[in-house]
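Enquirer: The structure that follows is given in the form of structure tokens.
The values are calculated or read from the model by the stated rules, or taken from the named source; none is laboratory data. Since we're looking at a predicted model, the values are computed, not measured. FYI the Cβ positions are ideal-geometry reconstructions off the backbone, even for glycines, and counts take in every protein chain you see.
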Ligand code: R5P
């Protein structure tokens, strides 16, 4: 393998450490201190000259701080003349703002893509985008990693005989269809209504397909407020699903997501470790799969 360095921001060090271990290296030394007024002051303490440098950072809450950290680390590394610099982003914050939902709003995902480019990253590795079309917002190469093989492997080990894969909204049909194909299961789609004047408020109201007596496997990209999942679970239970399992790549668990999920009829919630979930948010039904092998593999592909 080529000479390389892997640095981590503060957002998800446990995952960065797992990736480093799989690659047989230690994380690069970087001092991430702040001035008294709160300004970040990254200090790269490795010789990056002529090296391939990776920076791993989840753009999760507080996303604006993590984006700035990614950006300033990028500038600091570039000034040391590396051969190339690659952003490794387990969770791309702002990716749900991938279109102008209302006149007067930004296309924030595109702004984030531009931010990474002006910070002089030359390639990006991203896990489970909200919408694959976001790849087109970048003018640099993007390796987009799907978490579906991880979920499929785990679900197969659960030996579910009566499963049906559920897309909680029309936007997630392709993801659900691919998972259903991997598991050789049928698929149903839910129609979700989102109230644009009340941020983060959703209501599921229609199921297209039959879930009677089945184990419904909901697949989504993120669980944020938990609204989509709890509404879906309620509708699926009312429609006769016998058991409900939820799979989502990114466990954000914002606002009262945990409270809502605690009171819902979910057998199991399977997420990945793209975002750190604090101890008090660890529900008993929660299972976490690691994306570290997928990231290490993508890094290995670039280095070969
Ligand atoms: C929406 O299009 C996404 O795929 C998720 O379903 C949604 O963003 C989840 O958010 P929440 O948990 O707040 O309903």
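Enquirer: Go through the residues of the range 119-126 one by one and say whether even a single one is within 16 Å of the ligand (Cβ to nearest atom), crowded, with 23+ Cβ neighbours inside 10 Å and either assigned to a loop (DSSP other than H, G, I, E, B) or at pLDDT below 95 (or both).
Expert: no
Enquirer: Please work out which one of (1) within 14 Å of the ligand (Cβ to nearest atom); (2) farther than 30 Å from residue 82 by Cα; (3) at pLDDT 95 or above is the condition residue 129 fails and give its number.
Expert: If we test residue 129 against (1) within 14 Å of the ligand (Cβ to nearest atom); (2) farther than 30 Å from residue 82 by Cα; (3) at pLDDT 95 or above, just (2) comes out false.
Enquirer: Would you call residue 85 modelled with pLDDT of 95 or more, under 26 Å from residue 39 (Cα atoms) and assigned to a strand (DSSP E or B)? Talk me through it step by step, then tell me what you get.
Expert: Working: modelled with pLDDT of 95 or more: yes; under 26 Å from residue 39 (Cα atoms): yes; assigned to a strand (DSSP E or B): yes.
Considered against the rule, which asks whether it is modelled with pLDDT of 95 or more, under 26 Å from residue 39 (Cα atoms) and assigned to a strand (DSSP E or B), residue 85 comes out as yes.
Enquirer: Say whether the condition of being assigned to a helix (DSSP H, G or I), within 30 Å of residue 18 (Cβ to Cβ) and within 16 Å of the ligand (Cβ to nearest atom) is met by at least one residue in the range 226-238.
Expert: First, the residues of the range 226-238 that are assigned to a helix (DSSP H, G or I): 227-238.
Filter again for within 30 Å of residue 18 (Cβ to Cβ), leaving 228-229.
Narrowing the set further to residues that are within 16 Å of the ligand (Cβ to nearest atom) leaves 228-229.
There is at least one residue in the range 226-238 that is assigned to a helix (DSSP H, G or I), within 30 Å of residue 18 (Cβ to Cβ) and within 16 Å of the ligand (Cβ to nearest atom).
Enquirer: Could you check, for the range 232-250, whether at least one of its residues is crowded, with 22+ Cβ neighbours inside 10 Å, free of Cβ contacts under 8 Å to residues at least 40 places away in the same chain and out of contact with any strand residue (DSSP E or B) (no Cβ under 8 Å at 6 or more places or on another chain)?
Expert: There is no residue in the range 232-250 that is crowded, with 22+ Cβ neighbours inside 10 Å, free of Cβ contacts under 8 Å to residues at least 40 places away in the same chain and out of contact with any strand residue (DSSP E or B) (no Cβ under 8 Å at 6 or more places or on another chain).
Enquirer: Would you mind telling me which numbered condition in (1) within 16 Å of the ligand (Cβ to nearest atom); (2) touching a helix residue (DSSP H, G or I) at 6+ places or on another chain (Cβ under 8 Å); (3) part of a helix (DSSP H, G or I) residue 173 fails?
Expert: Result: residue 173 passes all but (2).
Enquirer: While we're on this one: Please give the number of the condition residue 277 fails out of (1) closer than 25 Å to residue 161 by Cβ; (2) in contact with a strand residue (DSSP E or B) (Cβ under 7 Å, 6 or more places away or on another chain).
Expert: (1)
Enquirer: Report whether or not residue 301 is over 26 Å from residue 157 (Cβ atoms) and in a loop (DSSP other than H, G, I, E, B). Please lay out each step first, then the result.
Expert: Details: over 26 Å from residue 157 (Cβ atoms): yes; in a loop (DSSP other than H, G, I, E, B): no.
No; evaluated as a whole, the condition is false for this residue.
Enquirer: Show the residue pairs meeting these rules: Cβ distance below 6 Å; 6+ apart or different chains; first residue within the range 285-304 and without any contact (Cβ under 8 Å) to a residue 12 or more places away in the chain; second residue surrounded by 14 or more Cβ atoms within 10 Å (Cβ to Cβ) and assigned to a strand (DSSP E or B).
Expert: Once the first residue is without any contact (Cβ under 8 Å) to a residue 12 or more places away in the chain and sits in the range 285-304, no partner that is surrounded by 14 or more Cβ atoms within 10 Å (Cβ to Cβ) and assigned to a strand (DSSP E or B) comes close enough.
Enquirer: I'd like to check something: does the range 137-147 contain any residue that is assigned to a helix (DSSP H, G or I) and either surrounded by fewer than 14 Cβ atoms within 10 Å (Cβ to Cβ) or at pLDDT below 95 (or both)? Talk me through it step by step, then tell me what you get.
Expert: As a first pass, look at the range 137-147 and keep what is assigned to a helix (DSSP H, G or I): 137.
Okay, now just the ones that are also either surrounded by fewer than 14 Cβ atoms within 10 Å (Cβ to Cβ) or at pLDDT below 95 (or both), so none.
The answer is no; no qualifying residue exists.
Enquirer: Also, I was wondering about something else. Any residue that is at positive phi and away from the ligand (no atom under 16 Å from the Cβ) - is there at least one of those in the range 71-80?
Expert: Taking the range 71-80 as the starting set, the residues that turn out to be at positive phi are none.
No: zero hits.
Enquirer: Hey, another quick one. From 219, 269, which residue is within 20 Å of the chain's Cα centre (by Cα), in contact (Cβ under 8 Å) with a residue 60 or more places away in the chain and not in a helix (DSSP H, G or I)? Show your work before the answer.
Expert: Numbers: 269 fails: in contact (Cβ under 8 Å) with a residue 60 or more places away in the chain.
Checking each option against the conditions leaves just 219.
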